[in-house]
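**Q** Can you keep this structure in mind? I'll have questions shortly.
Every read-out reported here was derived from the displayed coordinates using simple, explicitly stated rules and does not represent laboratory data. All of these numbers come straight from a predicted model, not from anything done at the bench. Cβ coordinates were reconstructed from backbone atoms using ideal geometry, including for glycine residues, and neighbour counts include every protein chain displayed.
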Amino acid sequence: MFRRAFWFTTGAAAGVWATTKVNRKLKQLTPESLAAQAADKAVEAGHRLKEFALDVRAGMLQREAELGEALGIEAPVDDPALPAPRRAAALDSPRDGARPPYTDNHSYNRNEDH
């Protein structure tokens, strides 16, 4: 009698355990759960990529500083010995409302470029 009760209880416990395990796995495989898992992995990958980019940037700045020291080209930005930065005339916008110089003599036709 005790032997039958033991095996009945063991079978019932195994059935409950297996049912619980299967139900958990089925919940993990629902579309909503799969989408949430994919989103979490994408966010995690984004964080890893950002950390990698920051590490690369830090290494790049460190190596640039080392090369600058080795070559002796580290100069302050406002060094009076350096010439002022030049600006391209084509990028300067006319401040008095005048037309740009390329339109003074003729009209610009895009078809003539071909």
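**Q** Hey, rough spin-label estimate for Glu32 and Met1, points 7 angstrom out along Cα→Cβ, what's it come to in nanometres?
**A** 5.0 nm
**Q** So, R0 is 41 Å and r is the distance between the beta-carbons of Thr9 and Glu44; what FRET efficiency does that work out to, to 0.05?
**A** Details: r = 43 Å, r/R0 = 1.06.
Plugging the Cβ-Cβ distance into 1/(1 + (r/R0)^6) gives 0.40.
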